[in-house]
1. Given the criterion under 14 Å from V89 (Cβ atoms) and modelled with pLDDT of 95 or more, identify the matching residue among A275, A261.
2. Would a scan of the stretch 120-135 turn up a residue that is free of Cβ contacts under 8 Å to residues at least 24 places away in the same chain and surrounded by 15 or more Cβ atoms within 10 Å (Cβ to Cβ)?
3. In the set P244, P288, P227, which member is open to solvent by 20 Å² or more (accessible area, probe 1.4 Å), farther than 26 Å from K88 by Cβ, touching a residue at least 40 places away in the same chain (Cβ under 8 Å) and of a type outside the set (D, E, K, R)?
4. From the set of residues in the stretch 199-210 that are buried (at least 21 other Cβ atoms within 10 Å of the Cβ) and touching a helix residue (DSSP H, G or I) at 6+ places or on another chain (Cβ under 8 Å), which is modelled with the lowest pLDDT?
5. Can you tell me which of L103, L110, L70 is hydrophobic (A, V, I, L, M, F, W, C) and surrounded by 21 or more Cβ atoms within 10 Å (Cβ to Cβ)?
6. Which of the numbered conditions does A151 fail, given that it passes all the others? Conditions: (1) within 17 Å of D278 (Cβ to Cβ); (2) part of a loop (DSSP other than H, G, I, E, B); (3) open to solvent by less than 20 Å² (accessible area, probe 1.4 Å).
7. Being open to solvent by less than 10 Å² (accessible area, probe 1.4 Å) and part of a loop (DSSP other than H, G, I, E, B) narrows it down to one residue among A194, A170; which is it?
8. Report the residue count in the stretch 224-246 for those that are touching a Leu at 6+ places or on another chain (Cβ under 8 Å) and of a type in the set (A, V, I, L, M).
Amino acid sequence: MRVGCLRRSLRVGKMTVLPLTFLVLFCAVVQDAVTAPVGCGFDQNTLSFLGTPIEQALCLLRPVQKGAVLAPKLSSLPMPLQSLIGNKVSATAAQLDQYLTTLSIPTDALGGSTNAPISRAEGGERPFARYFVIHDTSNNVCVDNGEFARADHPDATWNRLSTWSNSKDAHLFLTRDGKLIAPQGRTFATPWRATKLESKFGTATRGLFLHIENVQLRVAERKPGMPVKRPDGTCINDLIAQTPGFSEIQMNRLALAYIAASVRRGSWMIPLFHAVLDNGISDGHDDPQNFELSSFAAQICQHLRLIDGSCGN
């Protein structure tokens, strides 16, 4: 879902009775938010957010609440993320390939060959991709007529290969039943842009972010005395997401994709949420909703124990 200047401008438009000086100050605050997205301090020259990799993650993994409201910066990360992010990856591509074979997952299914380099930014010193962006698809069914109960069914429309195979929104789609879909054959080696922040800073950021879409259903939040659909048949909003946001197999595959991307980079990438990147930018997004960071971290550790034993006993 996009949450941006239209909604904000409507609020401001209702404040015409307030003094002009107040409106000037209000607009200045809004402008500050636009020029300094999320408060994580993206620097176009270094193509990085402020701070160490862990400090960046604490800011960029703020929980996303209904309506794109962000929780405060995290004070810590669940293990093993706290000890991994920014550090060298000990697992090898060969070890990962062997593990994927035991799971009957093709070794090129997680963004391409595990031996291939990942994308590089097109500007500056051309760093390899640093950021692993977690999205949800926000499939809006408007009213839950049993869709949530069958959300993980392999034959559901939103879990079909054909639904996402031609998408331009990401490097990889993860369905709720565990399918791994590379739209248009895209891989992690493909420089790609999929967020407002990347558009804001131009082609220099292309290739700096890897984008992972995760299928999730939404319904409208009902407003007293109002129908859930507009006269044109569209839904009034898509504010209410599934809980938990991702299925167990979906989170399992997301953790594998993160490991695969990091193995290819040679160091653990910085995971982040789409909505945090778009915060303060007009027409930004509000995903992923109801993401369980502790579950993501636990899945990473579970995989690593079996890949190279690097996550303890």
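1. Values: A275 fails: under 14 Å from V89 (Cβ atoms).
A261 is the lone residue from the list that is under 14 Å from V89 (Cβ atoms) and modelled with pLDDT of 95 or more.
2. Scanning the stretch 120-135, I find no residue that is free of Cβ contacts under 8 Å to residues at least 24 places away in the same chain and surrounded by 15 or more Cβ atoms within 10 Å (Cβ to Cβ), so the answer is no.
3. Values: P288 fails: open to solvent by 20 Å² or more (accessible area, probe 1.4 Å); P227 fails: touching a residue at least 40 places away in the same chain (Cβ under 8 Å).
So the residue among P244, P288, P227 that is open to solvent by 20 Å² or more (accessible area, probe 1.4 Å), farther than 26 Å from K88 by Cβ, touching a residue at least 40 places away in the same chain (Cβ under 8 Å) and of a type outside the set (D, E, K, R) is P244.
4. At the first step, the residues of the stretch 199-210 found to be buried (at least 21 other Cβ atoms within 10 Å of the Cβ) are 205, 207-210.
From the residues that got through so far, the ones that are touching a helix residue (DSSP H, G or I) at 6+ places or on another chain (Cβ under 8 Å) too are 205, 208-210.
Values: T205: 92, L208: 96, F209: 97, L210: 98.
The residue in question is T205.
5. Working: L103 fails: surrounded by 21 or more Cβ atoms within 10 Å (Cβ to Cβ); L70 fails: surrounded by 21 or more Cβ atoms within 10 Å (Cβ to Cβ).
Result of the check over L103, L110, L70: L110.
6. It fails just one condition, (1).
7. Details: A194 fails: open to solvent by less than 10 Å² (accessible area, probe 1.4 Å).
Only one candidate passes the filter, namely A170.
8. 1
The values are calculated or read from the model by the stated rules, or taken from the named source; none is laboratory data. As the structure is a computational prediction, the values presented were derived from the model and not from experiment. Positions of Cβ are generated from backbone atoms using ideal geometry, with glycine treated the same way; all protein chains shown enter the neighbour counts. Keep in mind that these areas ignore ligands, DNA and RNA; they rest on the heavy atoms of the full protein, side chains included. Shrake-Rupley method; radii C 1.70, N 1.55, O 1.52, S 1.80 Å.
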